[in-house]
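**Q** I am attaching a structure below and will ask some questions about it afterwards.
The values are calculated or read from the model by the stated rules, or taken from the named source; none is laboratory data. A quick note: this is a predicted structure, and the numbers were derived from the prediction, not measured. Here the Cβ positions follow ideal geometry from the backbone for every residue, glycine too, while neighbour counts run over all protein chains shown. Only protein heavy atoms, including side chains, enter the accessible area calculation; ligands, DNA and RNA are left aside. Shrake-Rupley method; radii C 1.70, N 1.55, O 1.52, S 1.80 Å.
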Amino acid sequence: MAFESLTDKLQRVFRNLRSKGRLTEEDVRAALREVKMALLEADVNFKVVKQFIKAVEERAIGQDVMNGLNPGQMVIKIVNEEMIALMGSETTEITMQPGKAVTVIMMAGLQGAGKTTAVAKIAGKLKTKGKKSLLAACDIYRPAAIEQLQINGRKQEVDVFEMGTDHKPVEIARSAIAHAEKNGHNVVILDTAGRLHIDEDMMAELQEIKAGVAVHQTLLVVDAMTGQDAVNVAKEFDEKVGIDGVVLSKMDGDTRGGAALSIKAVTGKPILYVSMGEKLSDLEQFYPDRMANRILGMGDVLSLIEKAQENIDIDEEKSREMAGRMKKGKFDFEDYLESLKQMRNMGGLSSILGMLPGMGIKSADIDSEASDRQLRQSEAIVLSMTKAERRNPKLLNPQRKYRIAKGAGVDVAVVNRFVKQFEQSQKVMKQLGGGGKHGRGMFGGFPGRKGGFPF
Amino acid sequence: MSEEKQEEKKEKKGFFARLKQGLTKTRDNIVRGIDSVFSGFSSIDDDFYEELEEILIMGDIGVNATGDILERLKREVKEKHVKEPSGCKQLLIESIREQMQVDTAAYDFEQEKSVIMVIGVNGVGKTTSVGKLAGRLKESGRKVLIAAADTFRAAAGDQLAEWARRAEVPMVGGSEGADPASVVYDAVTAAKARGVDVLLIDTAGRLHNKKNLMEELRKMNRIIDREFPDAHRENLIVLDGTTGQNALVQAREFGEVAELTGIILTKMDGTAKGGIAVAIQSELNIPVKYIGVGEGIEDLQRFDADEFVNALFDVSGEEDGDD
């Protein structure tokens with residue numbers, strides 16, 4: 001996509017902010033402005049976005065910023081959680097009638113949403129669960145709709161029931177159910193014609209079907225690429241016909257699929273399946289967390305947040321200790337090694353440097369490979385020191401430096417520069433630590449870029 | 001000329017006339033007009049612009065294009081010393097209308113020897129649009145041939161055959177599983193042999209991120225160019241009017257494999273505004289040439305920038321339209 005990713009935008013917003021203990025109103029507002037844009041670009045309905053942002057804002061202001069995250073990421077974490085909560089925190093299934101009773105499922109939606117394809121896919125899915133479906137051709141309007149259903153049915157090896165185009169859909173449905181009961185089918189799926197939600201006659205037709213036969217589940221099929229209008233469509237179908245769940249089609253495109261969030265927010269009905277491809281087997285369960293990632297368009301940051309969480313949890317003790325030492329300016333080469341280790345656990349410098357709070361470095365500015373190489377060089381230098389030297393950098397005299405340079409395979413000038421930078425950043429840390437502004441774990445305690453931590 | 005008369009008859013039964021046939025009432029309940037915004041504000045301030053932003057975004061114009069439009073509007077308001085919200089409305093409507101205006105030369109192909117390939121993602125209404133376009137061209141006296149190059153979707157050929165029957169035009173191709181490129185080749189040969197004026201090619205729906213399918217389309221396009229170099233070429237992308245920001249990506253990606261000459265914006269009889277066409281026009285400079293407003297064979301009309309903008313802001317839908 002041509003859009004600047006949300007990650008980059010947030011980096012820009014937060015470049016000038018220092019990591020803080022709590023999310024201030026200012027932090028939250030700045031981050032949410034970008035989140036709002038991202039949601040709108042993902043086609044989440046404007047009104048839904050407004051409500052959602054307000055809810056997140058209320059929850060986020062004043063929250064503690066977790067170790068290893070910057071305020072922007074903290075806001076995103078909250079946004080993500082709220083979004084998953086809104087979309088339903090677990091996956092749902094179509095509710096089946098108990099025992100041998102026939103379950104009647106009616107599919108509805110706009111023209112071209114992908115109903116006929118979804119009908120066949122669902123039948124195929126149910127077949128793997130031992131259900132025998134009958135597909136009923138209730139689209140008597142679109143040319144060749146019946147043929148399409150028949151061909152799809154044949155591909156899935158499920159039976160298709162049709163009465164041509166001269167009967168009312170409710171009659172076809174009634175006959176199909178009778179046929180199913182006689183022939184041992186336990187599911188009847190009604191494939192109805194695509195219709196506009198504001199076409200009163202056509203909406204009445206669906207009402208008529210529901211009034212005429214026992215429909216157990218009405219599923220609305222919605223094109224994942226739908227824009228702002230998704231709320232109107234979902235609301236009208238729900239109010240006029242009543243829906244029990246949603247199937248999101250064409251999810252194998254590159255749309256962010258904000259419609260999913262809008263529909264859930266407006267109808268409260270679960271999204272049951274996402275339809276992923278042109279093959280009849282491509283019907284997947286709906287996972288709210290994946291969808292949230294996709295809508296936000298920032299799976300990368302979210303996984304970083306997770307990784308940070310895992311790491312910091314484990315090493316919290318160490319981090320606290322280190323933070324304390326930093327404050328006193330006693331950060332030594334051992335601590336440096338430790339912090340390198342943590343970083344590597346989180347996917348290496350190249351993957352996280354741009355996201356380090358307080359560093360304020362745009363990821364694009366960094367030649368990440370070169371940085372990683374430099375990092376390895378620095379590590380080699382530290383590893384060539386004795387334990388005593390690492391604990392007490394003051395021991396480093398020219399002779400020792402010469403030995404270290406040989407050990408690390410670098411020129412002695414490189415070692416000199418490295419040690420000098422390290423001393424400088426120690427000073428900076430001491431100042432900052434004394435000022436009481438810092439001291440939230442090792443990441444929170446890193447100095448700004450001017451300090452020049454010796455990477 | 002009888003041709004003009006037919007044209008006139010069709011245009012009379014315009015977009016709004018059709019909408020009013022039973023749909024208007026419900027539609028008005030859902031769609032909030034922009035007039036309330038213009039009348040609800042006494043001065044042009046931030047709140048006013050925020051409200052405008054909401055309407056534009058709700059119309060699927062998108063965040064970026066909306067930003068551009070408002071920026072331009074603010075500049076003009078300043079330059080022209082507009083003080084009243086109503087004057088501001090005029091400026092806004094004018095600027096979008098101007099942008100969406102279609103060059104009359106855009107429809108030259110209707111009168112020339114041309115090959116029109118209709119492309120787009122799944123379910124946007126390609127086959128229906130081909131059927132309607134065939135009916136329209138046939139009615140204006142052109143000799144039309146339809147090619148069914150959607151050999152993938154079940155019963156797509158049958159659906160198109162039904163449209164061909166309604167439009168009373170011949171059709172070639174249509175067997176499921178055939179190579180679409182060979183269908184195109186045969187169709188071009190047939191069109192030349194039969195002395196056809198307009199060859200209309202229906203293609204399979206394909207998502208623009210499916211590389212192989214897009215390459216297939218590129219190949220089809222190349223075959224037409226090669227086999228029929230003196231024909232007027234049109235590649236019309238069909239976009240679902242309810243589609244959001246992804247339509248811009250669709251237009252961009254399809255344009256990469258087959259140069260687009262226009263848009264058919266379908267499903268415009270619902271409550272969606274099709275505002276993404278504005279974003280596409282400003283970024284890619286592809287005009288909307290037709291809109292689809294219903295399921296009848298006559299429900300495909302030339303795009304009218306005035307009506308489009310009015311619908312976007314829902315102004316002339318009101319009884320006391322103030323133009």
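**Q** Do we have any residue at all in the stretch A:40-49 that's within 14 Å of chain B (Cβ to nearest Cβ), assigned to a helix (DSSP H, G or I), closer than 29 Å to A:T267 by Cα and not hydrophobic (A, V, I, L, M, F, W, C)?
**A** Going through the stretch A:40-49, the residues within 14 Å of chain B (Cβ to nearest Cβ) turn out to be A:40-49.
Next, from what is left, pick out any that are assigned to a helix (DSSP H, G or I): A:40-41, A:46-49.
Next cut, closer than 29 Å to A:T267 by Cα only: A:40-41, A:46-49.
From what's left, not hydrophobic (A, V, I, L, M, F, W, C): A:41, A:47.
Scanning the stretch A:40-49 turns up at least one residue that is within 14 Å of chain B (Cβ to nearest Cβ), assigned to a helix (DSSP H, G or I), closer than 29 Å to A:T267 by Cα and not hydrophobic (A, V, I, L, M, F, W, C).
**Q** So which residues in the stretch A:108-122 are assigned to a loop (DSSP other than H, G, I, E, B) and either more than 11 Å from chain B (Cβ to nearest Cβ) or out of contact with any strand residue (DSSP E or B) (no Cβ under 8 Å at 6 or more places or on another chain) (or both), if there are any at all? Spell out the reasoning first.
**A** At the first step, the residues of the stretch A:108-122 found to be assigned to a loop (DSSP other than H, G, I, E, B) are A:110-114.
Across the stretch A:108-122, the qualifying residue is only A:Q111.
**Q** Any idea which of B:V196, B:V169 is more than 19 Å from B:A231 (Cα to Cα) and either surrounded by fewer than 24 Cβ atoms within 10 Å (Cβ to Cβ) or at pLDDT below 95 (or both)?
**A** Working: B:V196 fails: more than 19 Å from B:A231 (Cα to Cα).
Residue meeting the stated conditions: B:V169.
**Q** Here is a follow-up. Quick test for you: out of A:E162, A:E171, pick the one residue that is within 26 Å of B:A164 (Cβ to Cβ), of a type outside the set (S, T, Y) and open to solvent by 20 Å² or more (accessible area, probe 1.4 Å). Walk me through how you get there before you give the answer.
**A** Numbers: A:E171 fails: within 26 Å of B:A164 (Cβ to Cβ).
Being within 26 Å of B:A164 (Cβ to Cβ), of a type outside the set (S, T, Y) and open to solvent by 20 Å² or more (accessible area, probe 1.4 Å) holds for just one of A:E162, A:E171, which is A:E162.
**Q** Among the numbered conditions (1) open to solvent by 60 Å² or more (accessible area, probe 1.4 Å); (2) touching a strand residue (DSSP E or B) at 6+ places or on another chain (Cβ under 8 Å); (3) at the interface with chain A (Cβ under 8 Å from one of its Cβ atoms), tell me where B:F152 comes up short.
**A** Unmet for B:F152, out of (1) open to solvent by 60 Å² or more (accessible area, probe 1.4 Å); (2) touching a strand residue (DSSP E or B) at 6+ places or on another chain (Cβ under 8 Å); (3) at the interface with chain A (Cβ under 8 Å from one of its Cβ atoms): (2).
**Q** Looking at A:K125, A:K131, A:K210, which one is open to solvent by 10 Å² or more (accessible area, probe 1.4 Å), more than 29 Å from B:L160 (Cβ to Cβ) and not in a helix (DSSP H, G or I)? Spell out how you get there, then give the answer.
**A** Numbers: A:K125 fails: not in a helix (DSSP H, G or I); A:K210 fails: not in a helix (DSSP H, G or I).
The conditions single out A:K131.
**Q** Scanning for something of a type in the set (S, T, N, Q), within 16 Å of B:M171 (Cβ to Cβ) and more than 20 Å from the chain's Cα centre (by Cα), does the stretch B:113-135 turn up at least one residue? I'd like the intermediate steps shown before the answer.
**A** Of the residues in the stretch B:113-135, the ones of a type in the set (S, T, N, Q) are B:114, B:122, B:127-129.
Subsequent filtering for residues that are within 16 Å of B:M171 (Cβ to Cβ) retains B:127-129.
Those left that are additionally more than 20 Å from the chain's Cα centre (by Cα): none.
No, there is no match, as no residue in the stretch B:113-135 is of a type in the set (S, T, N, Q), within 16 Å of B:M171 (Cβ to Cβ) and more than 20 Å from the chain's Cα centre (by Cα).
**Q** In the stretch A:183-195, is there at least one residue being more than 40 Å from the chain's Cα centre (by Cα) and more than 14 Å from chain B (Cβ to nearest Cβ)?
**A** Initially, the stretch A:183-195 is screened for residues more than 40 Å from the chain's Cα centre (by Cα), giving A:183-184.
Next, from what is left, pick out any that are more than 14 Å from chain B (Cβ to nearest Cβ): A:183-184.
Yes, that holds for at least one residue.
**Q** Another question about this same structure. Can you tell me which residues in the stretch B:176-189 are among the charged types (D, E, K, R) and either surrounded by 21 or more Cβ atoms within 10 Å (Cβ to Cβ) or more than 14 Å from chain A (Cβ to nearest Cβ) (or both)?
**A** So the first thing to find is which residues in the stretch B:176-189 are among the charged types (D, E, K, R), and the list is B:176, B:179, B:186.
Across the stretch B:176-189, the qualifying residues are B:D179, B:D186.
Residue-wise test of (1) over 29 Å from B:V249 (Cα atoms); (2) in contact with a helix residue (DSSP H, G or I) (Cβ under 6 Å, 6 or more places away or on another chain); (3) facing chain A (nearest Cβ under 9 Å).
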residue: B:L133; (1), (2), (3): no, no, no
residue: B:L137; (1), (2), (3): yes, no, no
residue: B:R142; (1), (2), (3): yes, no, no
residue: B:I146; (1), (2), (3): no, yes, no
residue: B:A161; (1), (2), (3): yes, no, yes
residue: B:A191; (1), (2), (3): yes, no, no
residue: B:L199; (1), (2), (3): no, yes, no
residue: B:H208; (1), (2), (3): no, yes, yes
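**Q** For residues that are within 14 Å of chain A (Cβ to nearest Cβ) and open to solvent by 10 Å² or more (accessible area, probe 1.4 Å), tally how many sit in the stretch B:104-123.
**A** Counting residues in the stretch B:104-123 that are within 14 Å of chain A (Cβ to nearest Cβ) and open to solvent by 10 Å² or more (accessible area, probe 1.4 Å) gives 2.
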